[in-house]
Every structure is written in C-alpha cells, then in structure tokens.
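> Please see the structure below; I have some questions.
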2 protein chains.
Amino acid sequence: MTLELFGLKEIPLVKKGDNIAKIIEEDLKKEGLDLEDGDILIIAETLISKAEGNIIRIDEIIPSEEAIEIAEKSKKDPKLVEIILQESKEVVELGPNFIVTETKHGFVCANSGIDESNVDDGLAKPIPINPDASAKEIREYLEYISDKKLAVIITDTQGRAFRVGAIGTAIGCSGIKPLWVRIGEKDLYGRSLETTEIATADELAAAASLLMGQANEGIPVVLIRGFEAFNHLRDTEIGIKPLLRPKEFDVFRK
Amino acid sequence: MTLELFGLKEIPLVKKGDNIAKIIEEDLKKEGLDLEDGDILIIAETLISKAEGNIIRIDEIIPSEEAIEIAEKSKKDPKLVEIILQESKEVVELGPNFIVTETKHGFVCANSGIDESNVDDGLAKPIPINPDASAKEIREYLEYISDKKLAVIITDTQGRAFRVGAIGTAIGCSGIKPLWVRIGEKDLYGRSLETTEIATADELAAAASLLMGQANEGIPVVLIRGFEAFNHLRDTEIGIKPLLRPKEFDVFRK
C-alpha cells in the first residue's frame, strides 16, 4: 500500500490568460509522467489567481472609513485592509496584526486569503474567484487528453485556530468528494464508527504542501498517485462546500 | 522530486506492554523495507495508548458534580464526561454533543481526544501520556538498529474550527522540528517572506492519514520517504510544543 507524490518542477512563471491545464500537460510530458486513473493533481491557488489576472495594485485602492478603522485596530495598511474587506463577507475576529474574515467563498481565514508573497511588489493576490470551477475546467481538460479518471484540488496555505503554523488546505476541488463520510462503517472491533468524517481533500492538500514548499521552490503542482479511496469518493459534480462549516454550527464564531 | 508513503500492513493488534519499536522493526522486515536516512515514521496514537495500557473502563468511573452538569449541557454520558475532564486542563467550548477541552498536554481538541473507536466496548482510550517521549523512545531504538537518522511522529485524528471533517494531526514528535520557520527566506520574486511558518509535522500527519484510514484498515504506521527538508529540520531534542498556540495568543479562546 503505497502513495506517491511527484512535484512538477517545470511549471513556468504564469501570467494573465495562461491555460493552466495546458501548462500541466506540457510539464507532465517533460517529466515523462503519463496520467493514470485515480491520479490527483494538487494545484497551488497562486497559479490560478495569476492566470485569472486576479491581482490587485495596492496603491490604486482608496480605503473606506471601515477599512481605516480596522487598519488602526489591526495595525495594517488601510489599503490592504480595504482589499481584505472587499474579498470578505464578514470579519470573524480582529486583533493586532490580525484580521480573520469569512471570504465571499465561505472560507474562514486570515486576511481573506490575500497574499503578498510570490507576486511583484505593490501587488496583492486574492484567492481565485471560483476555485471549484477552475478545478473542474482543468480536470475536464486533463481527462479529455488522457482518457483517465482524475481529480483536481486547488490549495492555499492557511493558519488554524489553537495551533501554530499554516498547512496546505483545500479551497476548490473537482472529481472527488472532499469529505469522506464514514459514519456507520466498522472499526477493527466491528463497532460502528459514530462520527468519523475525514476531510480527505485537506489531507491531500497538506500532503502536497510538503513538496510545494512556500518560498522559492517553484513547485506549484503536485501529482498524487495511489490514493485507494479515489473510486469510492469519485464525484464529478461536487465541490469544496462539504468542508465549510456553516456559521450557525460553528461554536467558535460568535 | 518525489515523496513516497508506505503503509505498514503487518502490524498486529497491540496489547499492554508491547514494544512498538520492535513491532515496527518486525513489520519492516516482513515488508522488505530497509530504513534509510531521512525516513519519517508516522504512528497512530492508538498504538501507543494500547501499549501503555492507557485504557479506561467507562463503567468504573464515578462522575463528579461538574461532570454531571456538563453531561446535561453536552448530552453525553456523565462517566465519559468525567474521563474527558480528568484528561483536561480546562473546558474551552461546550455545546450539544460537543465538548472542546485543552488536554493536560496542551492540545485543544474535542473530548480531550478520548476515543471509543478501535477499543473493546465499554472502554475509552485517552491520548498517550507523553507522545513526545514515546516518539523519542521509538526513534532511538529504530536509529540504533538501523544506524540511520530518522524521525517519528505520533498522530491523532482531530476536528478543526471553521471546517468540517477531521484530519491527521501531530501530537508528538522526535527527530524533526515540527514547525518550519521560514521568516526571512525569499519568495520567487526575491522578496522576504514575512510570516511563513509551516506546521510540517501536521502536514506529515495528514499525509500519512490518507493511508491509515480511520476504520478497519488496520494501517497504524506509515513510513514517509523523500522529505527533502528533513536535514534542515533535524532536531533530536525538540518535541511538539512549537505547534501549540499558547492561550494568551489565541483570539479564538476567550
């Protein structure tokens, strides 16, 4: 029982309008990797945002009064705060150098997922507009050219409550259920598991992050091969939503 | 750039007093796997708790008044709540069928990490007494017999705030820094990363969880090979503590 992860090393710096699926196709060729049934491609969100041209010039932003107020409380640049607010549905928590929001997609994360790393100075990069749709488009292209059943997961690196350090986290998916509901299955002693729901897409994202690194490695795509539950979790319509806990069920949101 | 994960399939059901390091040694032999420098062994905590005999008979517990009160609020068995309280420093959040505590180790998790799966009926299994020490003991034994530099990580499956589903999470480690502090390193554009701290041990735990499953697969140990940052993160004294956010720095704890 083996799982293999391949980091795709030949992905060029992406610019607006680039076709990520084609770029992955070309990389796989260069690396001599043929796609197989059950392969899962994990793609860093930065690649999608850049191809979408979803990059914001910070100095062109005019901060609102709310942004100026929150900037004072959080000790952040008011223009950056304005961008964070524009990408969010609501501010969840606020502290010194610290804004946690719920993004328009429904992700609860720091700074609406706005990233200033791996873009040019003066630019801010939001989370892609519709990561599920991007994942679906890439999966369908790669399935078409390979005639294999695949999954695609778009990932971000996000912090957590209660624990230090960020980890690779799924923000979009296609071809696989992100949540593995195992309620009713049996444990080693034949007892029914009562509450076991595994966030499989997040585990795949975290695994890929071990190869991606977060600085200048330049490995924004990882191929995971040998995930045995692939067929069981196969779903071509579902997206990331099953992993997002609705506000009313989250005791950590007041 | 490749990462390989091997699930160890020949681990027997463990009982009190068993030597986990020796059991892993024997499994590796059966599987024909020789340890290599940089190999990381990920071990499910259930194995450690069972070998420690750290299993509690639920019907022998006499619940305190506090346990009875919390049992009413959380709609749980008062005896189980008493065990949860005994394993905890403090209750962090409480809701219907829902108790989040800080364990004596400092982990913020549901039910103090008490597990009723994969033990016999009527038994509850707490988190191991000192997962860092267990990891160290196992690492030192396996390093001694192999003459290789290794790491060992003990993992649990834990839920998260804001997201549905549990994921493999590190609760003890030895031989590797659990947190990769990358502040000051450069991104692809030569800019300094400002706040990048990666919870590497948690990513390794999540990756291994993809092979372990959580029901009756019976794969409680996974070998991860090819993690390139191993040498950079090598540390034979550090444990899991860098991943635990102190209460005073956690805005999600009131």
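Rule-based calculations on the coordinates, nothing more; no lab input. Keep in mind that what you see is a predicted model, and the values were worked out from it rather than measured. Cβ placement follows ideal geometry from the backbone for every residue including glycine, while neighbour counts extend to all protein chains displayed.
> Based on the alpha-carbon gyration tensor of the protein assembly as shown, what equivalent-ellipsoid semi-axes (square roots of 5 times the eigenvalues) come out, in whole Å, largest first? Don't skip to the end; give the middle numbers.
Details: eigenvalues 251, 163, 90 Å².
After scaling each eigenvalue by five and taking roots: 35, 29, 21 Å.
> Let me ask another. Note down the magnitude of the dipole of the protein assembly as shown about its Cα centre, charges +1 on Lys and Arg C-beta and -1 on Asp and Glu C-beta and zero elsewhere, to the nearest 20 debye. Please report the intermediate quantities before stating the final value.
Values: 64 positive and 94 negative charges, 89 e Å.
That gives the protein assembly as shown a dipole magnitude of about 420 debye.
> Report, ordered by chain and residue number, the aspartates and glutamates lying within cross-link reach of B:Lys9, taken as a straight Cα distance under 18 Å and ignoring same-chain residues fewer than 8 apart.
Straight-distance partners of B:Lys9: A:Glu4, A:Asp187, A:Glu228, B:Asp18, B:Glu25, B:Glu26, B:Asp27, B:Glu31, B:Asp34, B:Asp39, B:Glu45, B:Glu217.
> Please list, in chain and number order, the residues 5+ apart from B:Cys173 or on another chain whose amide H is under 5 Å from its amide H, with Hs placed from the backbone.
Amide H neighbours of B:Cys173, under 5 Å, 5+ apart: B:Asp132, B:Ile154, B:Ile240.
> Using a Gaussian network model of chain A whose springs link C-alpha atoms within less than 10 Å, name the residue from A:Glu93, A:Glu36, A:Glu66 with the highest mean-square fluctuation.
Sorting by GNM fluctuation, first place goes to A:Glu66.
> Relative to the other copies, what are the label-point distances for A:Asn97, with labels 7 Å from Cα along the C-beta vector, expressed in nm at one decimal and sorted shortest first?
4.1
> Taking only Cα atoms, what is the 0 to 90° angle, nearest 10, from helix A:131-146's long axis to the longest principal axis of chain A?
Tilt relative to chain A: about 30 degrees.
> To continue, here is another question. Identify all aspartates and glutamates with a Cα-Cα distance to A:Lys79 below 12 Å; exclude those on the same chain that are fewer than 8 residues away in sequence.
Here the aspartates and glutamates satisfying the reach criterion relative to A:Lys79 are A:Asp59, A:Glu60, A:Glu65, A:Glu66, A:Glu69.
> Binning at 10 Å from 0, report for chain A what percent of all alpha-carbon pair distances ends up in each bin.
7, 29, 34, 21, 8, 1, 0
> If each label sits 7 angstrom from Cα along the C-beta direction, how far apart, in nm, is B:Glu26 from its counterparts in the other copies?
B:Glu26 label point versus its equivalents elsewhere: 5.5 nm.
> Return the equivalent ellipsoid semi-axes of region B:95-193 as a descending list in whole Å, where each equals the square root of 5 times an eigenvalue of the C-alpha gyration tensor. Mind dumping the intermediate values first?
Details: eigenvalues 179, 116, 22 Å².
Values for region B:95-193, descending: 30, 24, 11 Å.
> On to the next question. Distance in nm between label sites at A:Phe98 and B:Ala133, each 7 Å beyond Cα in the beta-carbon direction?
3.2 nm
> Helix A:20-31 sits at what angle to the longest principal axis of chain A, using alpha carbons and giving 0 to 90 degrees rounded to 10?
Helix A:20-31 sits at roughly 50 degrees to that axis.
> Let me ask something additional. What angle do you read, to the nearest 10 degrees and between 0 and 90, between the alpha-carbon axis of helix B:200-212 and the longest principal axis of chain B?
80 degrees
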